[in-house]
Every structure is written in structure tokens, then in C-alpha cells.
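The values are calculated or read from the model by the stated rules, or taken from the named source; none is laboratory data. Worth saying up front: this structure is predicted, and the values here are computed from it rather than measured. We place every Cβ from the backbone using ideal geometry, glycine too, and count neighbours over all the protein chains shown. With ligands, DNA and RNA removed, areas are computed over all heavy atoms of the protein, side chains included. Shrake-Rupley method; radii C 1.70, N 1.55, O 1.52, S 1.80 Å.
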Amino acid sequence: MFFLPPLPAVGRVVVGWQVGKRYWTRSFSAAKMTKGLVLGIYSKGKEDEVPPFTSTAENFNKSVSGKLRELLNISGPPLKVGKTRMFHGLHQDFPSVVVVGLGTQGASVDQLENWHEGKENIRAAVAAGCRQVQELEISSVEVDPCGDAQAAAEGAFLGLYEYDDLKRKKKVQVSAQLHGSGDQEAWQRGYLLASGQNLARQLMETPANEMTPTIFAQAIERSLEDCSNTEVYIRNKSWIEEQQMGSFLSVAKGSDEPPVFLEIHYKGNPNASAPPVVFVGKGITFDSGGISIKAAANMDLMRADMGGAATICSAIVTAAKLNLPINAVGLTPLCENMPSGKANKPGDVVRAKNGKTIQVDNTDAEGRLVLADALCYAHTFNPKLILNAATLTGAMDVALGSGATGVFTNDTQLWDRLFKASIQTGDRVWRMPLFEHYTRQVVDCQLADVNNIGKYRSAGACTAAAFLREFVTHPSWAHLDIAGVMTNKDEVPYLRKGMTGRPTRTLVEFLLHFSQEPATE
């Protein structure tokens, strides 16, 4: 039988294993357990087949005279995807070794799941292994590339992240690196993609009193300090007024916190004047609902109502760190939505930047009001395309839950690019309808050109998209409703419970593929 006593916090650990009549033991200091190793193993293809190691794990097994295989054989059934088994004392350089299940060897794109199964398995498995190392308070871990060093890095750094900035007692910070001399470039790319999503997670998770519009803008500015070819403009209320963004200002006026319009530029294209991709993100740093106030239960989650701003800004920060050969602009109207004597009232009519009037029948449908002006402004950059992201509607959460981001677009080619990107990242998207059927429900308005809610209760995500379309004239535009993917309970195994930062990696992957396409006139 396999024997593994519980590890004490201090002192000496005696670890043993028994194979047949032979029994080995090894004693070592827990204080010296400073490095862990995560190795992968696949599922067995046939019933009588031995589950194959990855090439890296096989080499390690040979270096310890086959003892890793012996221990696996006697310690339990074959490992399933994302399941782990830890062994101590096998190797002097790695006192703790975690073997993780990777599922079927050679797994590729699953057409029903709409993701690359092999990559997702690696992310889930490596995350589980790294967390187990972290639980032992080991500060360093080396990771088997598992056949895809980028996916392994994403799993490691996404899996280890947890927001504890405001806690006195914090988890041990684990330094993860690639084991061996494998594809370091792919590992670094995975690290940057995960770091970008973790930046969005941090912005979204931070309490609203610690993440005001001004603080958010400053945080993004700091994130771009070491990036070349970037410019940051933090626009104040006076500038917003000059731009005649009456719809945005109508939301901001309910709070004492001053609004900010954040504008970031990245010029990675050798042709600095090439039309940019313009990303727009909803930046409500706290959403009480305003006069149409929300229920108290779970209102604290509305600290993340700036998830659109967090993800699009983090995606551009990541693109800059990857030096992608593309020009990109990020626009985020930042403010709070609060009830006060100055706040919007149901039935008020406000005027957007393009001159259209909006009847505000529900002040809790404020995200579309701030986006309307930002979308109008986006057209001034002669963009290649416009993409906006927003935690816009509870209806999207009802429709798709946390399974995918809902995408509304007037451009099928743009949809195809997003869909292909999401297959690689595992952070999926799903196309939703932009029918004239929904447009009629928002333009049939008693007092103004358009109403900020649909005339019927149903299809709230679709009528919200139809509203935004009234402020878009560009032929290549996509609206991403990310309300359903804002938080994670346990659905995504390589993300801990909390704010997700989704779909940051899909946006970066989209930019990567877009930058590699030949230029067209």
C-alpha cells in the first residue's frame, strides 16, 4: 500500500512507499521543501494499457529509476482530468512532486464544446497541481509544458491568482517557471496572457471605495508605464462636457465621485497612421441602480460593473506587452451610478453626443447610456472596427450563464474571428441576434428618439444591443455582453471563486490573429 503521512508545518517528515515486500523511507526537513514540480500523465487509451507520461514526466521517472511509475501504480486508480497526486522525497531537487491528469493524449478541438479540449485540460490540470504546491506553502514550482507551454503557463498563473490585497494574512506567493529548456517563448506568452486576465480580475474584485473612476484610470496608466508606443489620456468632467456627452454625464451626476473618460492608445503597427481597432468598455465602478435602485442582496458584486472597461484595457495592456503589430485605442467612460437629488429620474430625457434623445425609463439601465456617447466618439478615430464589452444585462446571465460571452454584431467576418479566438483560449463566445424586431422595441418611444429599455420585458439582452446599435454607423461592430461571465463559482476549474476577468484572453487572441492578417484597403 501507499503510505503518505500528513505534512507538519515544521520539523522532519518521514515519507515512505511500499512495493511488494520492499519498503523505502526517506527523512527530510519540511523547512527545505522550497520547490515543487508538476508533471503530467495522460489517460490510458485501452483498458489494458499503461497511462502514458508526458515526455517530461517520462524523463523524470527515468531519473528516479522508475519509482514515480511504481508509486502511481500502487497509490490509486488512474488520474482523471484535473485530478492530482502528490509524492514527497523522490528527488533531492524537488522534495514535492505533483502528478496531474491531462485526459486523452492528442485531444484537439471539440466541435460540440467549441474549445480546444487539449488546451483546456492542460490549464485545468496545471492549475490544480500548482495550487496543491501552494497549499504546502512551497514558494517555487517548476511546470511540465505538457505539450503546450502556453496553455501550461496560463493554467499556472491563472490558477495561482487570488485577490487578497486587503487581507493581513496572505497566501504564499508561488513563483512558477517552465521545467526544462522547452518552449520559453510560448511560456512567456502564456504568462503575459494570464497576467492580463489577472489584471482585469484585480480591477474588478477591488472594492468600489478603493477603485473609483480616478483610481481605475491611474491603475491602467501605471500598467502601461513600461510599454513603448503607448499614450494615456485621463479626461476630466470639463472635457466630457465639451464633447457634449450628455448621456454619460446624466449617469455620472448622481454621484459625488467625479467622472473620468479614459483613453489609451497603442501604436504597434509600423504604419502609425493605419486605422486602429477601437475597444470600448463600460466603466461603472459601482452600480447601485440609481433611483431605480437594486435589491440589497448581492449588490456588493456591482463593484465589478466596470468589467467591460477592465477587460478591454487589460487586453490592450497585454497587446502592448506582447508588442503586437497593431494599432489599438481603448475608450472607457468611468463613473458611479448612485441615487441622489441630482441623479437621473425615470422619465427624464437626455441628449447623446450624436444628437439623439434618450428617454430614461429605468436608471438601472445606465451602462448603455455611458456606452452610447463612447461609441459615438469611437467613430472619430477612423477605426478598422469597433468592439465594446460590458456587464450589460442580467438577461444575458439568464440566457447563457457563465458558459459563454454573448456577441451581437453586424459583421459576420468579425464574428468568425472572435469565435476562432475563443476556441483557442477556452473562454467561449456565442452569437446572439440583432434583429430589427428588437430595434422596434426601443425606438417606439413616447418622449424621445429612443428608450433605454425595451417596450416588453422579454429579450432584455437583445433590446440592450439594439439600443447600442442606434449609436453605431460603422459596418464592423461587435457588442460583447459579459454579464454572465463576470464571476466564477466553480465552473472554470483554473479560476478561483470571484471575479473572472473574462474574456480578456479571447480579446488578446483576437488582436493577435487580426494583426497577422494581410492588410486590405
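Summary of values
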{"read-out": "Tally, over segment 415-461, of residues that are touching a Phe, Trp or Tyr at 6+ places or on another chain (Cβ under 9 Å), touching a residue at least 60 places away in the same chain (Cβ under 8 Å) and part of a helix (DSSP H, G or I)", "value": "10"}
{"read-out": "Those residues of segment 201-226 which are surrounded by fewer than 19 Cβ atoms within 10 Å (Cβ to Cβ), more than 17 Å from residue 504 (Cα to Cα) and either of a type in the set (Asp, Glu) or touching a Phe, Trp or Tyr at 6+ places or on another chain (Cβ under 8 Å) (or both), in sequence order", "value": "210, 221, 225, 226"}
{"read-out": "Subset of segment 465-483 [among the hydrophobic types (A, V, I, L, M, F, W, C) and either part of a helix (DSSP H, G or I) or modelled with pLDDT under 95 (or both)]", "value": "465, 466, 467, 468, 483"}
{"read-out": "From 290, 341, residue being without any contact (Cβ under 8 Å) to a residue 24 or more places away in the chain and over 27 Å from the mean Cα position of the chain (by Cα)", "value": "341"}
{"read-out": "Contacts under 8 angstrom Cβ, first residue in segment 234-247 being under 18 Å from residue 336 (Cβ atoms), partner basic (Lys, Arg), 6 or more apart", "value": "245/353; 246/351; 246/353; 247/351; 247/353"}
{"read-out": "Test: residue in segment 88-100 that is out of contact with any Phe, Trp or Tyr (no Cβ under 8 Å at 6 or more places or on another chain) and assigned to a helix (DSSP H, G or I)", "value": "no"}
{"read-out": "Listing of strands (runs of 3 or more DSSP E) fully contained in segment 195-314 that carry 1 or more residues being among the acidic types (Asp, Glu) and under 24 Å from residue 356 (Cβ atoms)", "value": "260-267, 283-287"}
{"read-out": "Residue that is in contact with a Gly (Cβ under 7 Å, 6 or more places away or on another chain) and not small (Gly, Ala, Ser), where the choices are 482, 453, 423", "value": "482"}
{"read-out": "Whichever residue in segment 363-405 is among the charged types (D, E, K, R) and surrounded by fewer than 22 Cβ atoms within 10 Å (Cβ to Cβ) and, among such residues, is nearest to residue 514 (Cα to Cα)", "value": "384"}
{"read-out": "Test: residue in segment 180-194 that is of a type in the set (S, T, N, Q) and more than 22 Å from the chain's Cα centre (by Cα)", "value": "yes"}
{"read-out": "Failed condition for residue 50, given (1) within 19 Å of residue 494 (Cβ to Cβ); (2) free of Cβ contacts under 8 Å to residues at least 24 places away in the same chain", "value": "(1)"}
{"read-out": "Candidates 155, 180 - the one that is surrounded by fewer than 18 Cβ atoms within 10 Å (Cβ to Cβ), in contact (Cβ under 8 Å) with a residue 40 or more places away in the chain, among the small types (Gly, Ala, Ser) and more than 30 Å from residue 350 (Cα to Cα)", "value": "180"}
{"read-out": "Residue match in segment 484-500 (condition: assigned to a helix (DSSP H, G or I) and open to solvent by 30 Å² or more (accessible area, probe 1.4 Å))", "value": "no"}
{"read-out": "In segment 63-97, the residues that are open to solvent by 70 Å² or more (accessible area, probe 1.4 Å) and either touching a helix residue (DSSP H, G or I) at 6+ places or on another chain (Cβ under 9 Å) or touching a residue at least 60 places away in the same chain (Cβ under 8 Å) (or both)", "value": "78, 83"}
